[in-house]
Amino acid sequence: MLLILKSKRETGPKMTGFLDALGEKLSEDGTPYSVSSFEDLEVFIEKGSVEIRVEEKPVDEWTTIYPRKVGKYRGLAHMLCRLSERKGVRFLDGFHNRTKDASDMAKIIQIFNLALSGAPVPKTYHSAGYSGQQRENAIAFLGFPIVVKETNSSQGSGVFLAKTGEELSKIICDRLENNGGREIFLQEFIPNTFEYRLLVMGNHVSVAEKKTRSGKEEFRNNVHLGADEEFIDPSKVREEVRMAAVLGAEITDIEIAGVDIVDHPERGPFIFEVNSCPAFTTDETVSPEISELAKYLVSCEKR
């Protein structure tokens, strides 16, 4: 079956006229089709699995997908194009696969690509509109507490924790309606007392930083928000965690990468983010980052 995608659920007269005319021709030919919108898409991501549903149906319900108008949903189009290709569904057109991760959807696209390539990431949910039913689907998938993240934030800003459905609805409404309509995604909360920032250079973990939040009420381990940082010998980090960080850098094609990663005692490592421009502590009495970076750059020059 053919799926025609418009950008929004509500249709203006121009789009209505187009769909009516095209539908008439398709019906004359006996070609079954359905019409939906990017606002009806839901993205479900977890370790080793990625699924996109359109009106709660999986992508491979269709054989061809034609997005008539993408509008502001270029990130969703990118993910839908990539997954369609993986599922053997024809997607028109393939240029959507080349959407850059530097877009406003950078973080969710990165999580999507990491999971699609087998890297360990937390369960993640994204939709364009977060309707009542979509919020219920997200809660059923993630469970509470739920972390809400803006897709283009940094240094721990734009990250919130919801412990109830009421809190989740309030945060989502504030982000989408009162904060310039910023795109958000939701993630399961991975219990932790600290996280690592592993500096990967040339497929090798060169520096290991342990970030520990200072207050009991704070759930983020960002140094910018007051977390303590301790630089340790990378060999003290479990090999599985180091390998996951290297894999994350390889998948994202970031040669000098700051990988934020948590090592859960039972579930293993979870990559939160792969940073292409990680912040460095320049005090050499505290951090070996600048020294290790210089060594790597020199080695690049000598090749």
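Compared with the dominant Cα axis of the chain, that is its longest principal axis, helix 165-177 is turned about 80°.
For the set 236/295; 123/295; 87/210, the pairs lying more than 28 angstrom apart at their alpha carbons are 123/295; 87/210.
Taking other residues whose beta carbon is less than 14 angstrom from the beta carbon of residue 26, and scoring Lys, Arg as +1 and Asp, Glu as -1, yields -2. Count Lys and Arg as plus one, Asp and Glu as minus one, and take only other residues whose Cβ is under 13 Å from that of residue 87; the net charge is then +1.
Just from its helices, what would the mean residue ellipticity at 222 nm be for the chain, if runs of 4 or more DSSP H residues each count -39500 (n - 2.57) and the sum is divided by every residue, rounded to the nearest 500 deg cm²/dmol?
-10000 deg cm²/dmol
Modelled this way, with points 7 Å down the Cα-to-C-beta line, the labels at residue 64 and residue 29 are 0.5 nm from one another. Annotation: extensible slack from residue 87 through residue 170 equals 26.3 nm (criterion: 0.36 nm per residue apart, minus Cα-Cα distance).
Among the trypsin sites (Lys or Arg not before Pro) in the stretch 69-136, those placed in a DSSP loop whose Cβ has at most 11 other Cβ atoms within 10 Å are 100.
Here are some values of Rg/Rh (Cα atoms, Kirkwood Rh): (1) 1.02; (2) 1.00; (3) 0.95. Which one was computed from this structure? It is the value labelled (1).
For the stretch 195-302, the relative contact order is 26 percent, taking Cα pairs closer than 8 Å that sit 6 or more residues apart in sequence and dividing their mean separation by the residue count. For residue 136 and residue 282, the FRET efficiency from 1/(1 + (r/R0)^6), where r spans their Cβ atoms and R0 equals 41 Å, is about 0.30. For the chain, a crude dipole built from +1 on the beta carbon of Lys and Arg and -1 on the beta carbon of Asp and Glu, taken about the Cα centre, is about 540 debye to the nearest 20.
Values in this text are rule-based calculations from the coordinates and carry no lab data. In this text, all values refer to a predicted model and were calculated from it rather than measured experimentally. Counting neighbours? That spans all protein chains shown, and the Cβs are built from the backbone with ideal geometry, glycine included.
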